[in-house]
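The structure appears right after this line, and notes come after that.
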Amino acid sequence: MNQNFGEGPVWKNVVAQAIPLTIAQLVQLLYNIVDRIYIGHLPGVGTAALTGVGLTFPIILFVTAFTSLFGMGGAPLCSIARGAGNRERAERVMACSFTLLAGSSLVIMAVCYLFMEPVLYLFGASDATYGYASSYLKVYLLGTVSVMIGTGMNYFINSQGFPRAAMTTTLLGAVLNLVLDPVFIFLFDMGVPGAALATILSQTASAIWVMAFLMGKKPVLTFRKEYLRPTWAMTKEIISLGMSGFIMSATNCAVQVVCNATLKQYSDLYIGVMTVLNSVREILSLPVTGLTNGAQPVLGFNYGAGKYKRVKKAIVFTSIIGVIYTGIAWAAVLLFPEIFIRMFSSDPALLETGVHSLHIYFFGFIFMTLQFSGQTTFVALGKSKQAIFFSLLRKAFIVIPLTLLLPKLWGLGADGVFWAEPVSNIIGGTASFTAMMLTVWRKELSKPQDT
């Protein structure tokens, strides 16, 4: 594997990063997706249990937000420093990010345990679903340290040009989770807590692997203990660049809270439907996120090296491939909706409501590519303010207000909650990509230093 992203065809650099990274993300996704599939098919209680687990999504996204803040914030800085030939700075960024991930994970775990009950009811839990939500979360939170270190530090394996090693990190945990889930859930008759236990054991295995790799001899950068003490200046840089990913996850958390609380006014069934739709969206959006995330170190490296034409080529390639894929995915949802719903539940009521809601939720799915392409370019090139703005625009300023407003208009009711997502994709995605083209493409990437 060539770790110099400034050489060779740009599209090959992107694909070489994106393929193993996408596989790794798919495997990572299996942690929670497999849990939902098994839980949704628990005899007699599947729909209620699935709804309960869905209520924990905002808290899981809260953990993801801080993982993105320090992991996705540090990795682009690391890539830019490598591209500029500053090895020491790259190593300091990596060590600083580790300390921030480890310290924040302990604080988050303690806070979530302390306020679990009132928070779950605030998020839309009812007396019928709270028991399932709390039994899952009490176990899941034990793995907070492992998931934040494993996921957050895995970005640094990828940023150094080792996507296959990054893939192995998550492959190890996911295979273990696939094996342990049915054992704990059905064989040991642990139900929902068994799913959470399988997940945290798998996450722990992944975290051990990623740290063993980074502290080994193969990486380009050395993990140095003397750099573990973070400086305030570097912490601010990491937070500034990671704020985009943080806000995206944090606003996703807020969106889930608002959606669940709104849908609860109609029926717990709709919360179960939203749980399924979120799962389907995670699956179908994974290839395009893998593609854009795979392009990120290539973009950052070449930008740091002043090779702006190569940056442009990477943007064009990822955008075109992303639009083609999301168009195919949208067609699949329209033609075969029941297949996606049946993955998670065979409940006739959930199936009927789910198919109708799925068609609404995925309308205009191709605009997701525009959001990801614009967002990734801003992050990779260190444009933190723009990345933060467009993260807030789509979720905080469009989705949340629409989720509250649309159900009250034109008799939409619960359908209004599901319409908020596609409307935000169209407006937010178009705005993000257009702004990137008008600013970064025309100004930053047209400088005379281009080589």
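Bear in mind these aren't lab numbers, they're just calculated from the coordinates by the rules spelled out. Just so you know, these numbers come straight off a predicted model, no measurement behind them. For neighbour counting, all protein chains shown are included, and Cβ atoms are generated from backbone atoms with ideal geometry for every residue, glycine included.
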task: Report the one residue of 158, 50, 219 whose Cα lies farthest in the direction of the positive end of the charge dipole of the chain (charges on C-beta: Lys and Arg +1, Asp and Glu -1; origin at the Cα centre).
output: 219
- prompt: With θ set to phi - 60° and the Karplus curve 6.51 cos²θ - 1.76 cosθ + 1.60, what are the ³J(HN,Hα) couplings of segment 342-358 in order, to the nearest whole Hz, using x for Gly and Pro?
  reply: 5, 4, 10, 6, 10, 5, x, 5, 5, 5, 5, 5, x, 4, 4, 5, 4
statement: A student asked for the Cα radius of gyration and Dmax of segment 30-94 in angstrom ought to give 19.3, 60
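Taking only DSSP H segments of four or more residues, each worth -39500 (n - 2.57), what value at 222 nm results for the chain once the sum is divided by all its residues, to the nearest 500 deg cm²/dmol? Write out the running numbers ahead of the final one.
Working: 19 runs with 338 residues, N = 451.
Result for the chain, helices only: -25500 deg cm²/dmol.
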- request: Could you go through segment 101-109 in sequence order and give the Karplus-derived ³J(HN,Hα) for each residue, using 6.51 cos²θ - 1.76 cosθ + 1.60 with θ = phi - 60°, rounded to whole Hz, and x for Gly and Pro?
  value: 5, 5, x, 5, 5, 5, 5, 4, 4
query: Which FRET efficiency, nearest 0.05, do residue 446 and residue 320 yield, Cβ-Cβ r, R0 35 Å?
result: 0.95
task: With a point put 7 Å past each Cα toward its Cβ, work out how far residue 430 is from residue 229 in nm, to one decimal.
output: 5.4 nm
message: Using a 7 Å offset from the Cα along the Cα-to-Cβ direction at both residue 189 and residue 218, what is the distance between the two label points in nm, to one decimal?
response: 4.4 nm
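Quick one: net charge around residue 215, please, counting Lys, Arg +1 and Asp, Glu -1 for every other residue with C-beta under 15 Å from its C-beta.
Working: positive: 217, 218, 224, 225; negative: 91, 226.
Summing Lys and Arg as +1 and Asp and Glu as -1 gives +2.
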task: Report the equivalent ellipsoid semi-axes for segment 294-338 in whole Å, largest first, defined as the square roots of five times the eigenvalues of the gyration tensor built from alpha carbon atoms.
output: 33, 9, 4
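Let me know the volume per residue of the alpha-carbon convex hull for segment 131-278, in Å³. Mind showing how you got there, number by number?
Values: hull volume 22.2 nm³, N = 148.
Cα convex hull per residue, to the nearest whole number: 150 Å³.
Lys and Arg at +1, Asp and Glu at -1: add these up for the other residues within a Cβ distance under 12 Å of residue 161 and post the number. Please list the in-between numbers first.
Details: positive: 82, 164, 218; negative: 7.
Charge balance near residue 161 sits at +2.
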Integer Hz, Karplus 6.51/-1.76/1.60 couplings in order for segment 382-396, x for Gly and Pro: x, 8, 5, 5, 5, 4, 5, 4, 6, 5, 5, 4, 5, 8, 6
- request: Name the residues whose placed amide hydrogens come within less than 5 Å of the amide hydrogen of residue 42, ignoring near sequence neighbours (fewer than 5 apart) on the same chain.
  value: none
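Let me check against my output: what whole-number percent is the relative contact order of the chain, with C-alpha pairs under 8 Å and at least 6 apart? Each step should come with its number before you reach the end.
Values: 754 pairs, mean separation 107.9, N = 451.
Normalised by residue count, the contact order of the chain is 24 percent.
So if I average 1/r over every pair of distinct C-alpha atoms in the chain and take the inverse, what Kirkwood radius in Å does that give? Provide the component values of the computation, followed by the final result.
Working: mean 1/r = 0.0453 Å⁻¹.
After inverting the mean inverse Cα-Cα distance, the result is 22.1 Å.
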